[in-house]
1. Residue A:104 - would you say it is within 14 Å of chain B (Cβ to nearest Cβ) and exposed (fewer than 13 other Cβ atoms within 10 Å of the Cβ)?
2. Considering segment B:216-244 alone, what residues qualify as being over 20 Å from residue B:280 (Cα atoms), surrounded by 13 or more Cβ atoms within 10 Å (Cβ to Cβ) and touching a helix residue (DSSP H, G or I) at 6+ places or on another chain (Cβ under 9 Å)?
3. Select from segment A:13-58 the residues that are free of Cβ contacts under 8 Å to residues at least 12 places away in the same chain and farther than 22 Å from residue A:91 by Cβ and list them in ascending order.
4. Report whether or not residue A:98 is modelled with pLDDT of 90 or more, part of a helix (DSSP H, G or I), away from every other protein chain (no Cβ under 14 Å) and out of contact with any strand residue (DSSP E or B) (no Cβ under 8 Å at 6 or more places or on another chain).
5. For residues that are buried (at least 16 other Cβ atoms within 10 Å of the Cβ), more than 14 Å from chain B (Cβ to nearest Cβ) and touching a helix residue (DSSP H, G or I) at 6+ places or on another chain (Cβ under 6 Å), tally how many sit in segment A:60-94.
6. Across segment A:15-59, which residue is surrounded by the most Cβ atoms within 10 Å (Cβ to Cβ) among those that are assigned to a loop (DSSP other than H, G, I, E, B) and within 11 Å of chain B (Cβ to nearest Cβ)?
7. Filter segment B:37-54 for residues that are more than 7 Å from every other protein chain (Cβ to nearest Cβ) and either under 43 Å from the mean Cα position of the chain (by Cα) or touching a residue at least 60 places away in the same chain (Cβ under 8 Å) (or both) and give the result.
8. Determine which single condition residue B:31 fails, assuming it passes every other condition in (1) within 11 Å of another protein chain (Cβ to nearest Cβ); (2) in contact (Cβ under 8 Å) with a residue 40 or more places away in the chain; (3) out of contact with any strand residue (DSSP E or B) (no Cβ under 8 Å at 6 or more places or on another chain).
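The values are calculated or read from the model by the stated rules, or taken from the named source; none is laboratory data. Bear in mind the structure is a predicted one, so any value in this text is a computation, not a measurement. Cβ coordinates were reconstructed from backbone atoms using ideal geometry, including for glycine residues, and neighbour counts include every protein chain displayed.
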């Protein structure tokens, strides 16, 4: 239970640290008169997020290159780095609504992703513990499998999360595309 | 399939908001004062996919009148140090300096004038824009209109004045330009106007005055007590300012040694070292004898 709380705390801290790092970087860029760097971090961050979706393509079988596990790690790393870059690009400026909705949606998507990471790790941990308990109680392999199947509540939690995470990501994608489109049209 | 519907729905919903209230969803801030009437008509200034062409600005702001009169034709007084210059620009590129929406921080759009935008023929005539603010002191009056020979475009200082460009007689007349800043201490007051005998054109320090060429300081003859040896002017000295050296005593000591010419002490006494003085005296006497 303690390890679950610790893991949740660490992921929450990671999410918050992305915001803190973005505010700090933005302040540094303003101080150094390098606002233009923040501007270009938008396209760069977007590109990183787009590349991170290689994992989604692999998971759905649209492509067959790379190991899903490694691509998941890549997805997490690129999405987090891209989110940081996009946050710096947005800066602490409250102007047009659309880009801010996009930033807000992005941070929800990042939080959702971290929640997925938490659920996945917790499910693995719980199933491993349960399997050890059942083995120690003397149950044979067949009965252990039956019991584990019945106890796989957290795995089902992951299934529910997958259903939610994608629309959240789609919401961010739609807002980002609209922001980019309007920025290009009204350059 | 469900996610595709979600995407289409969101795209339609957000798209409708963008079209319905662009000033809230897309505009990066309020337009500047005077542009309120066109605040909600993006295409008044923006050409889709082509940015904000200068032609759209010039349609209202006639280039010839910028800085001289408002769009309504009312004359405007040029602010001090900010003369009208838009007419001298290489090309009208308004958004390189101006950003209409407050808060929009586009790279290169921060109202920062740069001389790179000005035509070459105007660049060489600084006074045509800065005439009222050019300094009127003696040095600058003589420099004429060629400000660029010393000053850069970025800032008035630092300037890179080359003394060698002055006529020879002006090069020697340091105080005519630096009069106010010349040091007033005893040493410099007595040095007179010939600053160049110790100081160079590049910098005030290091200076090249070598007292040791005439007399080496030591603990009995410290550098800090100029007045002991130079009671009146620095180009004259006396050794009799010290109680140990009296005219009578010195005359007696030198005559005992057969030395009759001892008025210019430092000719032999380059320091407080007696032996050195003896060596120098013998050297002088030998040279005189050979002649």
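1. Working: within 14 Å of chain B (Cβ to nearest Cβ): yes; exposed (fewer than 13 other Cβ atoms within 10 Å of the Cβ): no.
Against the criterion (within 14 Å of chain B (Cβ to nearest Cβ) and exposed (fewer than 13 other Cβ atoms within 10 Å of the Cβ)), residue A:104 does not qualify.
2. Once the filter is applied, which keeps residues that are over 20 Å from residue B:280 (Cα atoms), surrounded by 13 or more Cβ atoms within 10 Å (Cβ to Cβ) and touching a helix residue (DSSP H, G or I) at 6+ places or on another chain (Cβ under 9 Å), segment B:216-244 yields B:226, B:230, B:234, B:240, B:241, B:242.
3. Selection gives A:13, A:57.
4. Numbers: modelled with pLDDT of 90 or more: yes; part of a helix (DSSP H, G or I): yes; away from every other protein chain (no Cβ under 14 Å): no; out of contact with any strand residue (DSSP E or B) (no Cβ under 8 Å at 6 or more places or on another chain): yes.
So residue A:98 fails the test.
5. Residues that pass the stated criteria total 12.
6. From segment A:15-59, those assigned to a loop (DSSP other than H, G, I, E, B) are A:32-34, A:53; that's our starting set.
Filter once more, keeping what is within 11 Å of chain B (Cβ to nearest Cβ): A:33-34.
Numbers: A:33: 9, A:34: 12.
In this case the residue turns out to be A:34.
7. First, the residues of segment B:37-54 that are more than 7 Å from every other protein chain (Cβ to nearest Cβ): B:37-41, B:43-45, B:47, B:50, B:52-54.
Answer for segment B:37-54, where residues must be more than 7 Å from every other protein chain (Cβ to nearest Cβ) and either under 43 Å from the mean Cα position of the chain (by Cα) or touching a residue at least 60 places away in the same chain (Cβ under 8 Å) (or both): B:45, B:50, B:52, B:53, B:54.
8. Of everything listed in (1) within 11 Å of another protein chain (Cβ to nearest Cβ); (2) in contact (Cβ under 8 Å) with a residue 40 or more places away in the chain; (3) out of contact with any strand residue (DSSP E or B) (no Cβ under 8 Å at 6 or more places or on another chain), residue B:31 misses just condition (1).
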